[in-house]
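Chemist: Shown below is the structure under consideration.
The values are calculated or read from the model by the stated rules, or taken from the named source; none is laboratory data. The structure presented is a predicted model; accordingly, all values stated were derived computationally and were not measured. Every residue, glycine among them, receives a Cβ derived from its backbone with ideal geometry; neighbour counts consider all protein chains shown. Remember, those area values only see protein heavy atoms, side chains included, never the ligands or the DNA or RNA. Shrake-Rupley method; radii C 1.70, N 1.55, O 1.52, S 1.80 Å.
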Amino acid sequence: MIGLRNRLQVFSGNASRDLGRKVCAKLGVKVGDISVSRFPDGEIDVKINDDVRGADVFVIQSTFTPTNENLMELLIIIDCLRRASAERITAVLPYFGYARQDRKAEGRVPITAKLVANLIKTAGVDRVLTIDLHAAQIQGFFDIPLDHLYAAPVMIDYLKRLNIPNLVVVSPDVGGIKMARSYAKKLNVDLAVVDKRRIGSKQTEVMHIIGNVNGKNVLLVDDMISTATTLSEAAQVLREKGAKNIYVCATHAILCANAVEKITRARFKEVILTDTIPLHNSKAKQFIKILSIADLLGETIRRIHNSESVSSLFI
Ligand code: R5P
């Protein structure tokens, strides 16, 4: 194990190239040389161009759309590293796809988050590092060490600098109360909740607000923006209840379907996201503030590599 301390290597798949470069810059290590391309029939072709024998290797790959392609890339890269005799492999998933399928909400449905955990473990990883899982209990889907980071420290640092007066933090649904409560506590402001009943996988129905938002500036907090239905519907009911400016902060910028249009129409004062998922939509880039989690990831990787505690980063 002595060699491990001297041989930190960081690779990224195609999904997280920019983030991988930033993390390597923070760590002061060379970006791992890997090519991930396609065979003529579309199958994934991976070649690691660095010697990884005996190394402590981290692979950064978020599994957003195209989720299956990005996931499969990750699995093949892990297999490749294992066969190339890496000493220890850590899968770094800034965004863990399929996380919303974490339980049998009705009969005859899969628990795909567990299946994905099994696949990643079977491919040969020793550890997992991830950020703001949709449900914290997904940590237990892995029987190997998993470090679960929160983007909150990065967000809170920025929000404190905005110094928004008369603020209330709002969870857009009951499932997000824990996350929103932690933001409210750190910002030392009140908490409110949108009590929403879901009536289908694509449509939601907003019911009412628990708490007081009348005449207040609102910070809506969520783990992700997917179709932006949840947040735009929340904004509508918050305005009906007298909210003033509405800010949004969410960790994962999935932004599928017509999310960007919905966000535009919702007239948020500011939308703050992170780079766990890269934002390629040029229109969205003009009005969305992206905070980087690269330093947080880099520091965590450094500590894991040096067998130092990471718990102080989990604030
Ligand atoms: C729900 O439980 C999640 O925390 C998000 O609120 C939800 O997945 C966001 O999806 P959308 O943007 O499609 O409403």
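Chemist: Could you list, in sequence order, all residues of segment 121-135 that are under 16 Å from Val310 (Cβ atoms), under 18 Å from the mean Cα position of the chain (by Cα) and open to solvent by 30 Å² or more (accessible area, probe 1.4 Å)?
Modeler: As a first pass, look at segment 121-135 and keep what is under 16 Å from Val310 (Cβ atoms): 126-133.
With under 18 Å from the mean Cα position of the chain (by Cα) added as a condition, the list becomes 127-133.
Correct list: Arg127 only.
Table: residues versus (1) farther than 14 Å from Ser16 by Cα; (2) modelled with pLDDT of 95 or more; (3) in contact with a strand residue (DSSP E or B) (Cβ under 6 Å, 6 or more places away or on another chain).
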| position | (1), (2), (3) |
| --- | --- |
| Glu69 | no, yes, no |
| Leu75 | yes, yes, no |
| Ala91 | no, yes, yes |
| Tyr95 | no, yes, yes |
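Chemist: Does segment 224-244 contain any residue that is within 21 Å of the chain's Cα centre (by Cα) and part of a strand (DSSP E or B)? Step through it out loud before you land on a result.
Modeler: Of segment 224-244, the ones within 21 Å of the chain's Cα centre (by Cα) are 224-232.
Retained after the next criterion (residues that are part of a strand (DSSP E or B)): 224-225.
Yes, segment 224-244 contains at least one residue that is within 21 Å of the chain's Cα centre (by Cα) and part of a strand (DSSP E or B).
Chemist: Test Lys241 against the criterion of being outside the structural domain of Val109 (by TED's automatic domain parsing), farther than 21 Å from Arg161 by Cβ, more than 10 Å from the ligand (Cβ to nearest atom) and of a type in the set (Lys, Arg), and give yes or no. Even if it seems obvious, please write down each step before you answer.
Modeler: Details: outside the structural domain of Val109 (by TED's automatic domain parsing): yes; farther than 21 Å from Arg161 by Cβ: yes; more than 10 Å from the ligand (Cβ to nearest atom): yes; of a type in the set (Lys, Arg): yes.
The answer is yes for Lys241.
Chemist: Sticking with this one: Go through (1) away from the ligand (no atom under 15 Å from the Cβ); (2) closer than 16 Å to Leu279 by Cβ; (3) not charged (D, E, K, R) and name the single condition Cys256 misses.
Modeler: (1) is the only condition that Cys256 fails.
Chemist: Same structure again: Grab the strands (runs of 3 or more DSSP E) fully contained in segment 123-186, keeping just those with 3 or more residues being closer than 19 Å to Gly97 by Cβ. Full working, then the answer.
Modeler: Numbers: elements: 127-131, 146-149, 167-171.
Because the criterion is at least 3 residues that are closer than 19 Å to Gly97 by Cβ, the strands (runs of 3 or more DSSP E) in segment 123-186 that meet it are 127-131, 146-149.
Chemist: I would also like to ask the following. Can you pull out every residue in segment 230-248 that is among the polar types (S, T, N, Q) and either over 19 Å from Ile272 (Cβ atoms) or open to solvent by less than 10 Å² (accessible area, probe 1.4 Å) (or both)? If you could, list the steps in order and put the result at the bottom.
Modeler: Taking segment 230-248 as the starting set, the residues that turn out to be among the polar types (S, T, N, Q) are 230, 232, 236, 245.
If the condition is that a residue be among the polar types (S, T, N, Q) and either over 19 Å from Ile272 (Cβ atoms) or open to solvent by less than 10 Å² (accessible area, probe 1.4 Å) (or both), then Gln236 is the only one that fits.
Chemist: Which condition number does Ala192 fail, the rest of (1) touching a residue at least 24 places away in the same chain (Cβ under 8 Å); (2) hydrophobic (A, V, I, L, M, F, W, C); (3) more than 24 Å from Tyr98 (Cα to Cα); (4) outside any strand (DSSP E or B) being met?
Modeler: If we test Ala192 against (1) touching a residue at least 24 places away in the same chain (Cβ under 8 Å); (2) hydrophobic (A, V, I, L, M, F, W, C); (3) more than 24 Å from Tyr98 (Cα to Cα); (4) outside any strand (DSSP E or B), just (4) comes out false.
Chemist: While we're on this one: Of all residues in segment 293-315 being buried (at least 16 other Cβ atoms within 10 Å of the Cβ) and aliphatic (A, V, I, L, M), which is nearest to Thr276 (Cα to Cα)?
Modeler: So the residue we want is Ile293.
Chemist: Okay, next question. What strands (runs of 3 or more DSSP E), lying completely within segment 1-102, carry at least 1 residues that are in contact with a Cys (Cβ under 7 Å, 6 or more places away or on another chain) and closer than 22 Å to Gly298 by Cβ? Give the derivation first.
Modeler: Details: elements: 8-12, 34-38, 44-48, 56-60, 88-93.
Per the criteria, 8-12, 44-48.
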